[in-house]
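Everything on this sheet refers to the single structure shown next.
Derivation of every value follows stated rules applied to the coordinates shown; laboratory data play no part. What you see is a predicted model; the values in this text were computed from it and never measured. Neighbour counts are summed over all protein chains in view; Cβ atoms, including those assigned to glycine, are modelled from backbone coordinates with ideal geometry.
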Amino acid sequence: MAEEKSFKYVIVGGGVAAGYAAREFANQGLKPGELAIISKEAVAPYERPALSKGYLFPEGAARLPGFYVCVGSGGEKLLPEWYTEKGIELILSTEIIKADLAAKTLVSASGQVFKYQTLLIATGSSVIRLSDFGVQGADAKNIFYLREIEDADKLVEAIKAKKNGKAVVVGGGYIGLELSAALRINNLDVSMVYPEPWCMPRLFTAGIAAFYEGYYANKGIQIIKGTVAVGFSTNSDGEVTEVKLKDGRTLEADIVIVGVGGRPLISLFKGQVEEEKGGLKTDAFFKTSLPDVYAIGDVATFPMKIYNDVRRVEHVDHSRKSAEQAVKAIKAAEEGKSVPEYDYLPYFYSREFDLSWQFYGDNVGETVLFGDNDPKSPKPKFGTYWVKDGKVVGVFLEGGTPDENKAIAKLARAQPVVDSLDVLSKEGLSFASKI
Ligand SMILES: Cc1cc2nc3c(=O)[nH]c(=O)nc-3n(C[C@H](O)[C@H](O)[C@H](O)COP(=O)(O)OP(=O)(O)OC[C@H]3O[C@@H](n4cnc5c(N)ncnc54)[C@H](O)[C@@H]3O)c2cc1C
C-alpha cells in the first residue's frame with residue numbers, strides 16, 4: 001500500500017511563490033504539520049532570478065544558502081531549518097505526476113499519495129525547447145536551458161570546461177540578454193541570434209533596444225538579428241560544434257544557450273479547473289474555479305484591476321505578491337473575513353553588466369524616449385514613457401537611483417494626464433520626480 005499523507009494545506013511546486021506563501025502562512029499563524037510544500041527540485045525555495053545573474057559570476061558567485069527566499073525582496077532568508085522550526089513539511093525531489101482535484105489527492109512519481117484540504121498550485125513555468133519544434137540536433141550536449149538550479153549547475157560546469165570558448169545564445173529576451181552578459185563576463189566569445197528586429201520586443205521600443213544592442217556590441221558581443229537556429233552540428237562525443245542559421249550562415253559554438261520563452265506548467269490540472277489566456281483562471285484572491293484550489297505565481301491568470309483586464313504575469317514580484325495575497329485570503333476566509341482585492345501594478349526589472357533597469361505599468365500607446373541613451377556614456381541614464389488616451393501609463397528607466405525608481409512606480413500607479421508628448425520629452429525624468 002502506497003504511503004499516504006494528509007495536510008490542511010499543500011503547495012505543489014517549491015519555487016518563489018511557494019516560499020513567499022510559506023512565510024505568509026507562518027506570519028498568519030500555522031500549527032505544526034498543517035502545511036506541506038512538494039517540490040520537484042532538491043532544494044528549498046530560492047530567488048530564481050539569481051540563476052541568470054549572480055549565480056554565473058566568475059568570482060564571488062551567488063550560492064545557496066545566500067539566495068533562499070525571501071532575501072530578494074529585502075526579507076529574511078528562509079533556510080531549510082526555518083521550515084522545520086515552523087513545522088512545515090518540505091517534501092523535496094518529489095514530482096507530482098497526477099492531481100485529482102475532485103478527490104483532493106496528489107500522487108508523486110514514486111507513488112506517494114498526498115491529501116489536502118486546500119491546495120495552492122505554484123508549479124511555475126517550463127522552458128520551451130528547440131526539440132519541441134523538431135530542430136535538428138537540438139538534443140546535442142552543451143545545449144542548455146535555464147529554469148532550475150540544476151540547469152544552472154550544468155551551465156557553470158560547461159563554462160569551466162569550455163574556458164575562453166565560443167558561445168551562441170539563441171533568443172533575445174530576458175534570458176538571452178542576461179545570459180549573453182554572464183557568458184561575456186566569463187570571457188567567452190558570445191553571439192546572440194534572434195528573429196525579431198530588436199531585442200526584448202515584448203517590452204522594449206526600438207529606441208530602448210538600440211541602447212542595449214549598442215552596449216552589448218561595445219562589450220564584444222555579436223548580435224545577429226532576423227534569423228533563427230535551424231540545426232546543430234556535433235562532434236564524435238555528441239557535443240555541439242556549430243549552429244546552423246536559417247539564413248544559411250553557421251556559427252561555431254562550444255556552448256549554446258536557448259532562451260526562447262516558457263509556458264506555465266498546468267497540464268496536471270487539465271480539464272479539472274477553468275483556464276484562461278494559457279493559465280489557471282483565478283479571482284482577485286487567486287482562487288480558481290474550484291473551491292479550496294488556489295493558483296499563484298506564473299500559472300495564474302488573474303484580474304489586473306488597474307487595467308480592467310485579466311492577465312498572466314511571469315515575473316518574480318507578482319509571484320511573491322500573489323502568494324501573499326492568496327494566503328491572506330485563505331486565512332481571512334477561515335475566520336469569515338475578507339481581504340481587499342489584488343491590485344497589482346506590473347513591475348519588471350533586469351540587470352546586465354553594470355546596467356540595471358526597471359519598468360512599471362503598461363507598455364501600450366505612444367512612446368517618448370528621454371535622457372542619455374548613448375551606449376558609450378560612462379553613466380547612461382535614460383527612459384521611456386508610454387502614453388495612452390492622454391495619460392502616462394508606463395515608464396521604463398535605465399540607471400535610476402532608488403528614489404527615481406520609486407518615482408516612476410508612483411507615476412505608473414497615478415497615471416497622470418499629459419498635455420503633449422513634447423512635455424514629457426522636454427522634462428524627461430523630472431516629470432516623474434514631481435508626481
Ligand atoms: C533564470 C531566470 C531568471 C529570471 N529573472 C527574473 C528577473 O530578473 N526578474 C523577474 O521579474 N523575473 C525573473 N524570472 C521569472 C521569475 O523567476 C518567475 O516569474 C518566478 O520564479 C515564478 O514563481 P513561481 O513560484 O510561479 O514558479 P517557480 O519559481 O518556477 O517555481 C515552480 C516550482 O514548481 C516546481 N514544480 C513544477 N512542477 C512540479 C510538479 N509537478 N511537482 C513538483 N514540483 C513541481 C518546480 O520544480 C519549481 O521548483 C526569471 C526566471 C528564470 C528562470
(Q) I need the peptides 226-233, 200-207, 393-400, 16-23 ranked by packing, meaning the mean over residues of other C-beta atoms within 10 angstrom, with the highest value on top. (A) 16-23, 393-400, 226-233, 200-207
Q.
Using 0.36 nm times the number of residues separating residue 157 and residue 433, minus their current alpha carbon distance, what extension gain do you get?
A. 94.8 nm
Q: Could I have the simple spin-label model distance between residue 413 and residue 309, label points 7 Å from Cα toward Cβ, reported in nm to one decimal?
A: 2.0 nm
Q: Ratio to report: Rg/Rh of region 164-211, with Cα atoms as the point set and Rh obtained by the Kirkwood method; give two decimals.
A: 1.00
Q. Dipole of region 179-303 (Lys/Arg Cβ +1, Asp/Glu Cβ -1, origin at the Cα centre): which of 268, 231, 296 lies farthest to the positive side?
A. 296
Q: Taking 7 Å along the Cα-to-C-beta vector as the label spot, tell me the residue 105-residue 420 distance in nanometres, rounded to one decimal.
A: 7.0 nm
Q | ³J(HN,Hα), Karplus 6.51/-1.76/1.60, whole Hz, each residue of region 405-418, x for Gly, Pro | A | 5, 4, 5, 6, 5, 4, 5, 5, 6, 6, 6, x, 6, 10
Q) Over region 57-107, what lengths in whole Å, largest first, do the semi-axes of the equivalent ellipsoid take, defined as the square roots of 5 times the eigenvalues of the alpha-carbon gyration tensor? A) 31, 16, 11
**Q.** residue 120 long-range amide H proximity, modeled H, under 5 Å
**A.** 10, 11, 12, 294
Q. Which stretch or stretches of region 112-155 have amide N atoms under 16 Å from the point lying 7 Å from residue 97's Cα along the Cα→Cβ direction?
A. 112-114
Q) Charges only on Cβ, +1 for Lys and Arg, -1 for Asp and Glu: so what's the dipole of the chain about the Cα centre, in debye to the nearest 20? A) 180 debye
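Considering all projection directions equally, how large on average is the shadow of the alpha-carbon convex hull of region 76-135, in square nanometres?
Details: hull surface 27.5 nm².
Directional mean of the projected Cα hull area for region 76-135 stands at 6.9 nm².
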Q. Looking at the P(r) of the chain, how many percent of alpha-carbon pairs lie beyond 31 Å?
A. 45 percent
(Q) Show me the ranking of peptides 77-88, 417-428, 158-169 by mean Cβ neighbours inside 10 Å, starting with the highest. (A) 158-169, 77-88, 417-428
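What number, in percent, do you get for the relative contact order of region 1-110 if the mean sequence gap of Cα pairs under 8 Å and at least 6 apart is divided by its residue count?
28 percent
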Q. So what J values fall out for region 337-348 if you push phi through Karplus, 6.51 cos²θ - 1.76 cosθ + 1.60 with θ = phi - 60°, rounded to Hz, Gly and Pro as x?
A. 10, 9, 10, x, 5, 5, 10, 8, 9, x, 9, 10
Q. Between residue 57 and residue 136, what length in nm is gained on full extension when 0.36 nm per residue of separation is reduced by their alpha carbon distance?
A. 25.3 nm
Q. What whole number of Å gives the distance from the Cα centroid of region 1-66 to the Cα centroid of region 297-335?
A. 18 Å
**Q.** Cβ-Cβ FRET estimate between residue 250 and residue 403, R0 fixed at 51 Å, reported to 0.05
**A.** 0.55
Q.
Under the rule of at least 5 residues apart or a separate chain, name every residue whose amide H is placed under 5 Å from the amide H of residue 304.
A. 309, 310, 311
Q) Quick one: if you stick a label point 7 Å off each Cα along the C-beta vector at residue 292 and residue 84, how many nm between them? A) 3.2 nm
(Q) Please compute the length gained on full extension between residue 126 and residue 210, using 0.36 nm multiplied by the number of residues separating them and subtracting their Cα-Cα distance. (A) 27.3 nm
Q.
Using helices alone, I'd like the mean residue ellipticity at 222 nm for the chain: each DSSP H run of four-plus residues gives -39500 (n - 2.57), total over residue count, nearest 500.
A. -7000 deg cm²/dmol
Q) Taking amide H positions as placed 1.01 Å from N in the peptide plane, with prolines and chain starts having none, which residues 5 or more places from residue 97, or on another chain, fall under 5 Å of its amide H? A) 107, 108, 109
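Can you list the trypsin sites (Lys or Arg not before Pro) in region 301-341 that are in a DSSP coil and have 15 or fewer other beta carbons within 10 angstrom?
Of the trypsin sites (Lys or Arg not before Pro), the ones in loops of region 301-341 whose Cβ has at most 15 other Cβ atoms within 10 Å are 337.
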(Q) Spelling out what I want: for every residue of region 291-301, take phi, set θ = phi - 60°, compute 6.51 cos²θ - 1.76 cosθ + 1.60 (Karplus), and round to whole Hz; glycine and proline get x. (A) x, 6, 10, 10, 10, 10, x, 4, 7, 8, 9
